[in-house]
Amino acid sequence: MSLKQLIFIIPIILMVKHFQCYAKEQQITSAGDTRSNQTISDGIFNCSYDNTINITKNAVLANGSYIYDNQTVIPTQLVGNYDYEILYNGNRRKVPQHKRACICQLKPCISLCSNTISETYQYVINNAMYEALDIFSIDVTLANNSVVRKNIAKDFAPIILEEYCKLSYVLSPETDEHFGWTLFENGTLLRHSDQVQFERTEYCFDLHMLTIDSFTYSLINPTICATYKSRLSSLEKYNYWAQVLSIMLLLLTIIGYFCQPVFLHLQGKLLITYASTLSLSFAIFSFINLSQITFQPVLCLVMGYLNHYFQLSHHTWLAIICYDIWRILTQIDIHKSSSYRKYAMYGYSLPFLWTLLTYCAQNLYISEALKPGISQDRCGLDVYKWSAVIYLYGPCLITLLFCLICIILTSRKIGINHHILYLHLLLMMVVFWFFEILSFVLHMFNMKTASGIIDYINSLQGVYLFITYITQRRVGNIIPKISRI
């Protein structure tokens, strides 16, 4: 039989397996309702449930040992009685008492989403379809960083993750290198996109059909639960809590300006808008990461695009602040009227149009490498893809250069020493902005610690703004006074 025939066989195997699982579940439910409550489980000493398999139907020797895969002998001390099953998400359910063996102490284990891989492999062997054996080979990285090819169906003991989560996605580097992965000898799986490592119970391999350029392929790749939340490092937690502190102080800054009518000139309103969009961006981002809540797909998408809009907005409003101060202090176009309403046409519409472009790019039939990555399982832009340059860092860099030009022109016109405080304020905000781009570059070159430190510093900009604009009140009136010079 050819590989093309195998492509038609696999869906049939999947359908049969589906009905078998359904029948098994019904049988277990019925048996669980009638069996005695006196059944107990003695388990296996020094062996977690994750490392066991059901061996009730395996052959048993006279000394009580069991035979696995016709060649592995399981001693009695690695066999135990169980009257429950533990699902992938940690939930335990009662089942009839059965025998389980700590197989992972005898043979390397791997997590599978179902029996499809094992059954398909057996079908291939029985029908001498040796040309199809290559699809069962996967790369495994050893402790010494060398890479070896192993047969996923032959060289591992399969641990089936019962009822793996329905909302999941496949890491398929064949469609997008962003979805690359590395399997290590100890069973952990590294996701290349964000360098997150998953334990063996947090992913599972399965056989998938993939169509590329009108050709259909059978591929084995890991499946990740879409609702899985990455574990935060200590530096990441400090970063998000620093954002929370910034939010509180940004709100105090906004309240302080509203409580002082002398501050509510045009520049004061621009600063309030800048602080508001920055605090909203921090609020969404820190809430998503600190709460560890599994959001509904629609809510996740809404938060992702809102956060993207506010990120672009506070950058746009900083550019407006730089332009307005340049216009006033250099006496250029000073007689032309300027109002918050005119600035709002740009401050609100430009980020909205770019966010709309981002939405269209995500939903168009284009290469995955060019998509922004805002999806129902990622509540925000994938900032670790190079495509982030198009949707976030590129526009940020353009406005950053615009701000620097305004600052340079202003300083040449009015002199640095005379208005050093004003320049300090603008440079402070622009430098924070530059940190965002620098953090992206460092992370792309795998300098994660340096990137994390810069992110932490950048998250504290609400603190610096509060200290500068509120505790030093003379700053609030600096622009009106200078404009009268």
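The values are calculated or read from the model by the stated rules, or taken from the named source; none is laboratory data. Please read all numbers here as calculations on a predicted model, not as lab measurements. Ideal geometry is used to build each Cβ from the backbone, glycine not excepted, and the neighbour counts take in all protein chains shown. For the accessible areas, the whole protein counts, side chains as well, though only heavy atoms, and no ligand, DNA or RNA atoms are used. Shrake-Rupley method; radii C 1.70, N 1.55, O 1.52, S 1.80 Å.
Quick one: would you say V60 is over 17 Å from I160 (Cα atoms), at pLDDT 90 or above and out of contact with any Asp or Glu (no Cβ under 7 Å at 6 or more places or on another chain)?
Criteria not met by V60.
For the range 111-140, what are the residues that are among the hydroxyl-bearing types (S, T, Y), out of contact with any helix residue (DSSP H, G or I) (no Cβ under 7 Å at 6 or more places or on another chain) and within 19 Å of M209 (Cβ to Cβ)?
Within the range 111-140, S118, S137 meet the criteria.
Any idea which of (1) closer than 30 Å to S451 by Cβ; (2) surrounded by 20 or more Cβ atoms within 10 Å (Cβ to Cβ); (3) more than 23 Å from the chain's Cα centre (by Cα) is the one L397 doesn't satisfy?
Going through the list (1) closer than 30 Å to S451 by Cβ; (2) surrounded by 20 or more Cβ atoms within 10 Å (Cβ to Cβ); (3) more than 23 Å from the chain's Cα centre (by Cα), L397 breaks only (2).
Read through the list (1) open to solvent by 70 Å² or more (accessible area, probe 1.4 Å); (2) of a type outside the set (D, E, K, R); (3) in a loop (DSSP other than H, G, I, E, B), then give the number of the only condition that Q77 fails.
So Q77 meets the others, but not (3).
Tell me the strands (runs of 3 or more DSSP E) entirely within the range 86-185 that contain at least 2 residues that are modelled with pLDDT of 90 or more.
Qualifying strands (runs of 3 or more DSSP E): 92-101, 109-112, 137-141, 147-151, 157-160, 181-184.
With respect to H265, is the statement that it is in contact with a Leu (Cβ under 9 Å, 6 or more places away or on another chain) and not β-branched (V, I, T) true?
no
Please work out if Y257 is open to solvent by 60 Å² or more (accessible area, probe 1.4 Å), part of a helix (DSSP H, G or I) and either out of contact with any Gly (no Cβ under 7 Å at 6 or more places or on another chain) or of a type in the set (F, W, Y) (or both).
Answer is no for this residue.
Please state which one of A153, A62 is more than 27 Å from F184 (Cα to Cα) and either β-branched (V, I, T) or free of Cβ contacts under 8 Å to residues at least 40 places away in the same chain (or both).
Answer to the check: A62.
Does the range 80-103 hold any residues that are open to solvent by 70 Å² or more (accessible area, probe 1.4 Å), without any contact (Cβ under 8 Å) to a residue 40 or more places away in the chain and in contact with a strand residue (DSSP E or B) (Cβ under 7 Å, 6 or more places away or on another chain), and which are they?
Within the range 80-103, R92 is the sole residue that qualifies.
Going by the structure shown, is C322 within 30 Å of the chain's Cα centre (by Cα) and touching a residue at least 24 places away in the same chain (Cβ under 8 Å)?
no
Residue by residue through the range 186-201, note down the ones that are open to solvent by less than 50 Å² (accessible area, probe 1.4 Å) and assigned to a loop (DSSP other than H, G, I, E, B).
If the condition is that a residue be open to solvent by less than 50 Å² (accessible area, probe 1.4 Å) and assigned to a loop (DSSP other than H, G, I, E, B), then G187, T188, S193, D194 are the ones that fit.
Evaluate the range 360-383: report whether one residue or more is within 26 Å of L167 (Cα to Cα), open to solvent by 30 Å² or more (accessible area, probe 1.4 Å), at pLDDT 90 or above and of a type outside the set (V, I, T).
Yes, the range 360-383 contains at least one residue that is within 26 Å of L167 (Cα to Cα), open to solvent by 30 Å² or more (accessible area, probe 1.4 Å), at pLDDT 90 or above and of a type outside the set (V, I, T).
Quick check: is even one residue across the range 132-145 more than 33 Å from the chain's Cα centre (by Cα) and within 24 Å of C165 (Cβ to Cβ)?
no
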